[in-house]
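In what follows, a structure is listed as structure tokens, so that the remarks can point back to it.
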């Protein structure tokens, strides 16, 4: 099982493809440039099974309908942001000169932290709100990686000045959930390069020197 990072759109939002030896594939956060992403998937002869969203900000959902329609696959999102796909005010697109980005309702709503199985793929879902109220991270033990969306970046954390953001809540999410993962876990962030839990524990200035109520 392997993963691939594909930065898309003006904000270079990372979409990820997770695929196995049989070329079955999960698409994480198809944020923009749908035709480019589809072409890449088809050139690699991958067979998408689902679109999985870490959260529903506009730069993470812009190509949802393109890939859903092309491959006839379901979309997963957390219940706290299930209405954001259809609402440019909630997903932020109408405020960032990005046009009014919309997608149809998700096919599957994530209600709680659980083990999600899609075909041969399994993910432990962690609710990691703070950047947005419905942010979730997907830990795939088999590849030793967590798809963290905009919760945790290399040397930084997600912004919390957008509607529904909460800095203290984000710090709690990171300390209680992501930093409890094995230190060698690769963090696949919504923007920028990958990192590891160990590297962020040791060097991330936002995660050191803070006293939070755990």
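The values are calculated or read from the model by the stated rules, or taken from the named source; none is laboratory data. Just so it is clear, the structure is predicted and the values come from calculations on it, not from any experiment. Here the Cβ positions follow ideal geometry from the backbone for every residue, glycine too, while neighbour counts run over all protein chains shown.
For this structure, a couple of remarks:
- Single unsatisfied condition, residue 165 versus (1) modelled with pLDDT of 95 or more; (2) within 24 Å of residue 90 (Cα to Cα); (3) buried (at least 17 other Cβ atoms within 10 Å of the Cβ): (1)
- Checked against (1) farther than 26 Å from residue 48 by Cβ; (2) within 15 Å of the chain's Cα centre (by Cα), residue 128 meets all criteria but (1).
- Matching residues, the range 155-203, being out of contact with any helix residue (DSSP H, G or I) (no Cβ under 8 Å at 6 or more places or on another chain), in a strand (DSSP E or B) and in contact (Cβ under 8 Å) with a residue 24 or more places away in the chain: 186, 188, 189, 191, 195
- Unmet requirement for residue 106, which otherwise passes all of (1) at pLDDT 95 or above; (2) surrounded by 19 or more Cβ atoms within 10 Å (Cβ to Cβ); (3) farther than 13 Å from residue 52 by Cα: (3)
- Count of the range 1-47 residues, restricted to those that are under 18 Å from residue 144 (Cβ atoms) and either surrounded by 18 or more Cβ atoms within 10 Å (Cβ to Cβ) or at pLDDT 95 or above (or both), is 13.
- Out of 132, 173, sole residue that is under 26 Å from residue 32 (Cα atoms) and at pLDDT 95 or above: 132
- From the list 206, 147, the one residue that fits, being assigned to a helix (DSSP H, G or I), touching a strand residue (DSSP E or B) at 6+ places or on another chain (Cβ under 7 Å) and crowded, with 17+ Cβ neighbours inside 10 Å, is 206.
- The range 13-32, residues that are touching a helix residue (DSSP H, G or I) at 6+ places or on another chain (Cβ under 9 Å) and part of a loop (DSSP other than H, G, I, E, B): 29, 30, 31, 32
- Number of positions in the range 109-138 that are closer than 26 Å to residue 163 by Cα and not in a loop (DSSP other than H, G, I, E, B): 8
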